[in-house]
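Let me begin by presenting the structure, written as structure tokens, before commenting on it.
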Amino acid sequence: MPRALLIEDEAAARADLRTRLAAHPEVVVVAEAGTLRTAGELLARPDYDLVFLDIQLVGGNSFALVPLVRAGARIVFTTAHDAYALRAFEINALDYLLKPIAPARLAETLRRLEALTPAADDAATEEMPRRALTIDDTVYLRAGLRARFAPVAQISLIGARANYSEVQLVDGAKVFLRKSLKAWEDILPGSHFMRVHRTQIVNLAQVTRYERDGDEHTLLHVAGAREPVPASRDRWSELRERLGALRLQP
């Protein structure tokens, strides 16, 4: 039985969500908050596994609260903004809901939650349909207790690491996520990102230079990465054309 926190600064909107959740007796609302300060106190509780989190709260936006959410708990963002603006939150959040919240959308969110068993929650999240990102979007990256927001344009490369992916940012930071390279490939803008190797996706706009060793090997030097990235021989033709379009020379 999901135990939920409601974090919303508008009393009417909070009451509306509470009323709509009453139609789903499997969800128990354990506490509510309307400000950043009181929300921070609630998130320290050990007895919840679902958070309805309004993006804009009294005292600032709720982004700073995300790292405080208990490990294993799911976040559902709520906002009055349109869906386009919410692409920022589609990675690793359970869902987002536009206010006023439609009963059918809330029911869909709760069905998603029910489908996420402890053994397969990350895999199931990955299978949820996602909107394609644009280069101007921001993504929400959460790994355990650590979370950050990053512009898509600042992702320099993503590498496969067993069941995880390693997201390399231009500033040198790395984030490990339980998300496959194929899942990333499906949502990243193909205008900028290319799978140059079976284990690597590269933001071509962040390639600073490349090296060729005969016809066999190509190494890409990418902003933020300490080591060059190898490109597969069978990707070279497309890669050369796309790098040429960026006027990038060896």
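Assorted remarks:
- Sites counted here are GluC sites (Glu not before Pro) in a DSSP loop (not H, G, I, E or B) having no more than 13 other Cβ atoms within 10 Å; the longest part of the chain that contains none of them is 27-215.
- Angle between the chain longest axis and helix 236-245 axis [Cα atoms, degrees, rounded to 10]: 80 degrees
- The alpha carbon convex hull volume per residue for region 169-223 rounds to 100 Å³.
- FRET E, pair Arg105, Gln154, Förster distance 35 Å, beta-carbon r, rounded to 0.05: 0.70
- In nm, spacing of pseudo-spin labels at Ser180 and Glu216 (7 Å Cα→C-beta vector): 3.2 nm
- Label-point separation, Val28 to Asp47 (7 Å along Cα→Cβ), nm: 0.8 nm
- According to the Kirkwood relation over distinct C-alpha pairs, the hydrodynamic radius of the chain is 19.7 Å.
- Selected from Pro228, Gln154, Ser165, residue furthest toward positive end of dipole (the chain; charges at beta carbon): Pro228
- Two-decimal log10 I(q)/I(0) for region 138-245, as the Debye equation yields it once each C-alpha is a single scatterer, q = 0.14 Å⁻¹: -0.51
- Computed FRET value (nearest 0.05) for Arg18 with Arg226, which takes r as the C-beta separation and R₀ as 45 Å: 0.35
- A simple spin-label model places pseudo-atoms 7 Å from Cα toward Cβ; at Ala205 and His81 they are separated by 1.9 nm.
- In a fully extended conformation the segment linking Phe63 and Arg3 would gain 19.5 nm over its present Cα-Cα distance, using 0.36 nm per residue.
No lab work stands behind these numbers, since they all come straight from the coordinates. Predicted model, so just to flag it, every value in this text is computed and none were measured. Cβ: placed from backbone, ideal geometry, glycine included. Neighbour counts: every protein chain shown.
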